[in-house]
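Inspection log for the structure reproduced underneath, given as structure tokens.
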Amino acid sequence: MSITFKQAGAACAFATLAMIGVDAAAATIKVTCEVRPSRSKISVDGNNLPAGTYTTVALSGGNMATSQPEPAQGDEVETDYDSRPGDIKAGAIAIPPTFIVNGSVTGKIVNATGHTVISDTVACRVRSK
């Protein structure tokens with residue numbers, strides 16, 4: 001049995017779409033941050049994670065903050081880092097107001113074996129007040 005060029009093209013298109021479907025179920029990360037003269041605020045959120053325990057990491061310049069290991073809730077893990085006392089009382093991890101350097105942050109999701117599952121670097125919203 002021989003395959004025509006048209007059939008090979010259709011098979012290739014199907015394989016490509018199948019690979020896109022696999023990628024759509026892969027882990028995702030959303031890192032947001034805001035910097036003010038007297039405040040640093042960061043959120044690291046992961047989705048589509050397999051069941052397990054994860055740590056989040058926030059990096060900026062030479063600064064690093066790490067969450068405690070926590071089991072994923074469903075397929076999600078979320079951590080807030082903040083320098084505002086009210087947000088720290090509400091559960092955010094304490095960071096100094098000067099934590100964010102040069103207006104950017106790298107967020108990471110790390111699994112229980114220490115492997116970085118996914119990471120992203122973003123530019124922060126910069127506010128003057």
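Rule-based calculations on the coordinates, nothing more; no lab input. Small disclaimer: the values here were computed from a predicted structure and weren't measured. All Cβ positions, glycine included, derive from the backbone under ideal geometry; neighbour counts span all protein chains shown.
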Legend entry - R0 of 41 Å, Cβ-Cβ distance Gln73-Ser128: FRET efficiency to nearest 0.05: 0.70
Legend entry - Ranked list, fewest to most other Cβ atoms within 10 Å of each Cβ, for Thr116, Thr53: Thr116, Thr53
Legend entry - Derived scalar couplings ³J(HN,Hα) [region 112-129; Karplus, 6.51 cos²θ - 1.76 cosθ + 1.60; whole Hz; x for Gly, Pro]: 5, 8, x, 7, 6, 6, 7, 8, 7, 10, 10, 7, 8, 5, 10, 10, 7, 10
Inset, instruction - Taking the Cβ of each residue in Val117, Val31 as the centre, tally the other Cβ atoms inside 10 Å and list the residues starting with the fewest. - result: Val117, Val31
Legend entry - Residue exposure sequence - Ser128, Ser104 - by fewest surrounding Cβ within 10 Å: Ser128, Ser104
Legend entry - Whole-Hz couplings from phi, Karplus 6.51/-1.76/1.60, listed for region 80-86; x for Gly and Pro: 10, 10, 7, 9, 7, x, x
Inset, instruction - Send over the Kirkwood Rh of region 44-108, from the inverse of the averaged 1/r over different Cα pairs, rounded to one decimal Å. - result: 12.5 Å
